[in-house]
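No value in this document is a laboratory result; all are computed from the given coordinates. From a predicted model like this one, the values you see are computed outputs, not experimental measurements. Cβ placement follows ideal geometry from the backbone for every residue including glycine, while neighbour counts extend to all protein chains displayed.
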Amino acid sequence: MYGKYEQQMKKGVLDMLVLKLLEQEAKYGYQLIQELKENSRNVFALKEGTLYPVLYRLEEEGFVETEWSKPEGKRVARKYYRITECGRQAFVDISGLWKQISMGIMQIMGGDII
């Protein structure tokens, strides 16, 4: 019933969350899907069709860059996503904006969010 609201709310923060996960090291798509799911306790259980457009957009904006790994033995080549300096600054800006929005929501809701 409220699926469209959930989808819209999640869509608004995916760029920020992906950039956060890429802060420490490059990751491939499925790895990002698993980490989003695990770290959010299944709140962000995404399908590939949801994540990859986000990654492509971040790449187009210059926030991430990609690199293919070399196949080794039975391991296939994987496309890794790495945050750029521009992406690091975007993360700082987006997360600051998210904090402002969250605070505004809490003010309206009376701190009853949880």
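For region 2-65, which trypsin sites (Lys or Arg not before Pro) are both in a DSSP coil and crowded by at most 13 other Cβ atoms within 10 Å? Write out the running numbers ahead of the final one.
On the way: sites: Lys4, Lys10, Lys11, Lys20, Lys27, Lys37, Arg41, Lys47, Arg57; in loops: Arg41, Lys47.
For trypsin sites (Lys or Arg not before Pro) across region 2-65 that sit outside H, G, I, E and B with at most 13 neighbouring Cβ atoms in 10 Å, the list reads Arg41, Lys47.
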(request) Using +1 at the Cβ of each Lys and Arg and -1 at the Cβ of each Asp and Glu in region 1-109, identify which of Val64, Gly49, Tyr80 lies farthest towards the dipole's positive end. (result) Gly49
(request) In Å and from the alpha-carbon atoms only, list the Rg and Dmax of the chain. (result) 15.9, 57
(message) Quick check: pseudo-label points 7 Å beyond the Cα along Cα→Cβ at Val92 and Glu60, how many nm apart are they?
(response) 2.7
(message) Strictly over 24 Å apart at the Cα level, which of Lys47/Lys99; Lys37/Lys74; Lys10/Lys99; Lys11/Lys74; Lys47/Lys79; Lys27/Lys99 would you flag in this model?
(response) Lys47/Lys99; Lys37/Lys74; Lys11/Lys74; Lys27/Lys99
(message) What are the extents of the Cα atoms of region 1-48 along their three principal axes, in Å, largest first?
(response) 37, 18, 16
